[in-house]
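A.B. asks: One structure is given below, represented as structure tokens, and several questions about it will come after.
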Amino acid sequence: MLLRRLVTDNLDLGRPDTIEIIFDRRVRKDTVSEFKTKVVSRGTAVTINAFYKHSRIKQYLKDSRALRIETVINAPGDLGCQRRLHNLDELQARARAINARLLDTERAGQGCVLANPVFERIAHPSVDADGRRATAMRFGDSRVQALAGALAVTLCAVTGITNRSLRALMTGLLGAPYGMTQACYDLARLRRNGLLTRRPHANTYDLTPDGLAFAIFYTKVHDRVLAPLFAVGQPQAPPPLRAALRTIEHHIDERLATVKLPAAA
């Protein structure tokens with residue numbers, strides 16, 4: 001079951017912006033590669049492959065017991081290494097770093113539940129280490145949800161986040177104008193909540209581990225749990241969910257009728 005969720009959540013692994021993070025190589029418009037994710041099923045065994053130039057990452061469940069990653073480098077030049085044998089140690093180190101980055105990305109996605117102290121700090125007003133007040137990032141607030149969605153954009157993990165890039169993302173997510181002052185305010189409160197760190201001598205911010213967990217947790221719960229629940233009367237809601245909620249509503253109405261309370265109560 002865990003492997004199925006892992007595969008589902010990483011179907012975009014082979015996209016240029018994602019593979020750029022995993023392989024730690026800059027993808028340009030003229031980069032020659034077949035960017036794709038390929039899922040292979042043989043019986044109950046499932047393998048997920050992501051491709052970059054002549055190389056690929058293969059991930060599967062070994063003997064139905066352990067998750068295994070195999071990074072196959074068919075051209076050392078893909079990672080900026082030379083072909084000679086004395087460069088083998090460098091090539092192995094870079095390949096292992098690819099595996100580590102992949103695991104870090106998947107660990108954040110699969111284990112993104114915010115621990116209670118972290119959630120308490122983010123969801124309620126707090127004070128940072130410098131004594132500055134950090135406003136709450138309340139779950140469900142439209143602006144906070146848009147911020148989580150903006151931080152979840154994979155490209156931000158490569159290039160960092162700036163006032164300008166945040167404005168572009170937020171305008172699209174909110175569907176309304178989002179100005180420079182608003183971006184300054186949100187960047188400040190994200191930083192004070194420990195979700196972003198500022199690069200030295202630059203107006204660019206990077207996600208912290210808590211920031212990545214915040215972005216994934218808020219967007220996953222909202223999109224996968226709340227959205228289907230709120231759309232229960234609409235065709236896109238799963239039929240079993242619509243039936244279950246109709247049953248609950250029926251029993252509530254019966255209970256209200258028994259105690260002679262109006263349904264509006």
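The values are calculated or read from the model by the stated rules, or taken from the named source; none is laboratory data. Every value quoted in this text rests on a predicted model; they were computed, and no experiment measured them. Note: ideal-geometry Cβ built from the backbone for every residue, glycine included; neighbour counts use all protein chains shown. Quick note on the areas: whole protein, heavy atoms, side chains included, nothing else; ligands and nucleic acids left out. Shrake-Rupley method; radii C 1.70, N 1.55, O 1.52, S 1.80 Å.
A.B. asks: Provide 252, 122 ordered by accessible surface of protein heavy atoms (probe 1.4 Å), highest first. Provide the component values of the computation, followed by the final result.
C.D. replies: Values: 252 90, 122 0 Å².
Reading off the accessible areas and sorting them downward yields 252, 122.
A.B. asks: Turning to a different aspect of this structure: Over segment 123-188, average the accessible area per residue using a 1.4 Å probe and give it in Å², no decimals. Intermediate values should be presented prior to the final figure.
C.D. replies: Values: 3350 Å² over 66 residues.
Accessible area per residue, segment 123-188: 51 Å².
A.B. asks: I'd like to check one number: the per residue accessible area of segment 52-112, probe 1.4 Å, reported in Å² as a whole number. Walk me through the intermediate numbers first.
C.D. replies: Numbers: 3820 Å² over 61 residues.
For segment 52-112, the per-residue accessible area is 63 Å².
A.B. asks: Now, a different point. Please list, by residue number, everything in segment 162-183 whose backbone N is under 18 Å from a paramagnetic label point 7 Å out along Cα→Cβ of residue 204.
C.D. replies: Hits in segment 162-183 for residue 204 at 18 Å: 162-169.
A.B. asks: Further question on the same structure: Work out the FRET efficiency for residue 180 and residue 138 from their Cβ-Cβ distance, taking R0 = 35 Å, and round it to the nearest 0.05. Don't jump to the answer; show the numbers that get you there.
C.D. replies: Numbers: r = 23 Å, r/R0 = 0.67.
FRET efficiency, residue 180 to residue 138: 0.90.
A.B. asks: What's the ranking of 213-220, 136-143, 159-166 by average number of surrounding C-beta atoms within 10 Å, highest first?
C.D. replies: On the way: 213-220: 22.1, 136-143: 15.0, 159-166: 17.6.
Highest-to-lowest ranking by the protection proxy: 213-220, 159-166, 136-143.
A.B. asks: Could you rank 52, 60 by how accessible they are, 1.4 Å probe, largest area first? Present the calculation step by step, with values, prior to reporting the outcome.
C.D. replies: Working: 52 5, 60 35 Å².
Per-residue accessible area, sorted high to low, gives 60, 52.
A.B. asks: Within the set of other residues whose C-beta is less than 10 Å from the C-beta of residue 49, count the net charge using Lys and Arg as +1 and Asp and Glu as -1. Don't skip to the answer; put the middle values down first.
C.D. replies: Numbers: positive: 36, 38, 56, 58; negative: 70.
Once all neighbours under 10 Å are counted, the net charge is +3.
A.B. asks: Leaving ligands, DNA and RNA out of it, rank 253, 30 by accessible area with a 1.4 Å probe, largest first. Walk me through the numbers before you get to the answer.
C.D. replies: Details: 253 75, 30 120 Å².
Per-residue accessible area, sorted high to low, gives 30, 253.
A.B. asks: Another question, if that's okay. Taking K and R as +1 and D and E as -1, what net charge do the other residues with C-beta under 13 Å from the C-beta of residue 149 add up to? Intermediate values should be presented prior to the final figure.
C.D. replies: On the way: positive: 143, 220; negative: 141, 186, 223.
Summing Lys and Arg as +1 and Asp and Glu as -1 gives -1.
A.B. asks: In the neighborhood of residue 82, defined by Cβ-to-Cβ distances under 13 Å, what is the net charge if each Lys or Arg adds +1 and each Asp or Glu adds -1?
C.D. replies: Details: positive: 83, 84, 94; negative: 78, 89, 90.
Around residue 82, the surrounding residues sum to 0.
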